[in-house]
Amino acid sequence: MAGAASRAVRAGILKASVPGFIAPGRAKFSTLRDATTARKAVAAALGVIGAGGASLAYALNQSVKASELELHTTNFPWSHDGIFSSLDHASIRRGYEVYKNVCAACHSMKYIAFRNLIGVSHTEAEAKEEAQAIQVLDGPNEEGQMFERPGKLSDYFPNPYANDEAARAANNGALPPDLSYITSARHGGENYIFSLLTGYCDPPAGVTVREGLYYNPYFVGGAIGMAQALYNEVMEYSDGTPATASQMAKDVAVFLKWAAEPEHDDRKRMALKSLMMFSLLFAITYYIKRHKWSVLKSRKFAYKPPQ
């Protein structure tokens, strides 16, 4: 009743003729239904042009990035890139040897313990032997003195420097990053590690690198404080694999990939088990839906009055 009254009053006000006043008509909201064909075509063209321009800008930003001074790494065909592919554990073992003999002189891995190697690249006896090869500061003892002891499986990889200041002092002010999660912390992951280790070259014409730095196009800015560390036959593998620079770079990249994602193989194994289980459940669900519930859902009830 109130709604009808309000509509009548509003209609009366709009129809009232006041001298010098023109009552506006009913408000109209512009919609595409009221637009002409030409306007619709122009709006569609503007939308297509805008979307195309945004897509082009995004593609150029991702592929070129002229504001950056480093190259983008290539996606190499790693053996663990498959959906259900596992890490190469022989390569992990060789990568640990590269880290131990080359990288550990400057870089730490303070979040990886010797016990993490068991069942991955070393047996328990081999891991114990690796741990006992280092000396760990422990204590205090009964006399209140700190002492050194052989490492245990629960100990973490040793830090080559006492603190960050000592690390900077030994590397011309540059702080070598910890490598425990380096593949997750760098864009490109293991591709970046491999490209960086094998990408040292002479600076191009017009580019100067100050003393104490080295040119590497994959490093931000191009000038890196770490000298080239991997050369052919700089070390020997325990399994007899030829220790070329590219082989060592590949192995240590795989080792660092495992260090950053130790659950890599377990995650893919669980995914495979889940896929098999849900495939079976899907088949059972389809059978029940098709042959059980479809009968109930398609039933028709008819009322027949008594005659």
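The values are calculated or read from the model by the stated rules, or taken from the named source; none is laboratory data. Please read these numbers as outputs of a predicted model, since none were measured by experiment. Counting neighbours? That spans all protein chains shown, and the Cβs are built from the backbone with ideal geometry, glycine included. Please note that ligands, DNA and RNA were not included when accessible areas were found on the heavy atoms of the full protein model with its side chains. Shrake-Rupley method; radii C 1.70, N 1.55, O 1.52, S 1.80 Å.
So here's what we get for this one:
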quantity	calculated
Any hit, segment 227-244, residues being touching a strand residue (DSSP E or B) at 6+ places or on another chain (Cβ under 9 Å) and either open to solvent by less than 90 Å² (accessible area, probe 1.4 Å) or polar (S, T, N, Q) (or both)	yes
Segment 96-119, residues that are surrounded by 17 or more Cβ atoms within 10 Å (Cβ to Cβ) and under 20 Å from ARG267 (Cβ atoms)	ILE112, ASN116, LEU117
Complete set of residues in segment 286-307 that are hydroxyl-bearing (Ser, Thr, Tyr), in a loop (DSSP other than H, G, I, E, B) and open to solvent by 100 Å² or more (accessible area, probe 1.4 Å)	TYR303
Qualifying positions in segment 213-260 - within 27 Å of ASP81 (Cβ to Cβ) and of a type in the set (Gly, Ala, Ser)	ALA229, SER238, GLY240, ALA243, ALA245, SER246, ALA249, ALA253, ALA259, ALA260
Candidates GLY240, GLY206, GLY188, filtered to the one that is within 19 Å of the chain's Cα centre (by Cα) and at positive phi	GLY188
Breaking point among (1) out of contact with any Ser or Thr (no Cβ under 9 Å at 6 or more places or on another chain); (2) on the phi < 0 side of the Ramachandran plot; (3) polar (S, T, N, Q), for SER85	(1)
Residue ID - most open to solvent (accessible area, probe 1.4 Å), chosen from residues in segment 120-131 that are among the hydrophobic types (A, V, I, L, M, F, W, C) and without any contact (Cβ under 8 Å) to a residue 40 or more places away in the chain	ALA125
Count - residues of segment 199-223 that are in contact (Cβ under 8 Å) with a residue 12 or more places away in the chain and either in a loop (DSSP other than H, G, I, E, B) or surrounded by 19 or more Cβ atoms within 10 Å (Cβ to Cβ) (or both)	17
Selected residue (criterion: most open to solvent (accessible area, probe 1.4 Å)) from residues of segment 142-186 that are part of a loop (DSSP other than H, G, I, E, B) and touching a residue at least 60 places away in the same chain (Cβ under 8 Å)	TYR181
Residues satisfying the stated conditions in segment 73-92, i.e. buried (at least 21 other Cβ atoms within 10 Å of the Cβ) and part of a helix (DSSP H, G or I)	SER91, ILE92
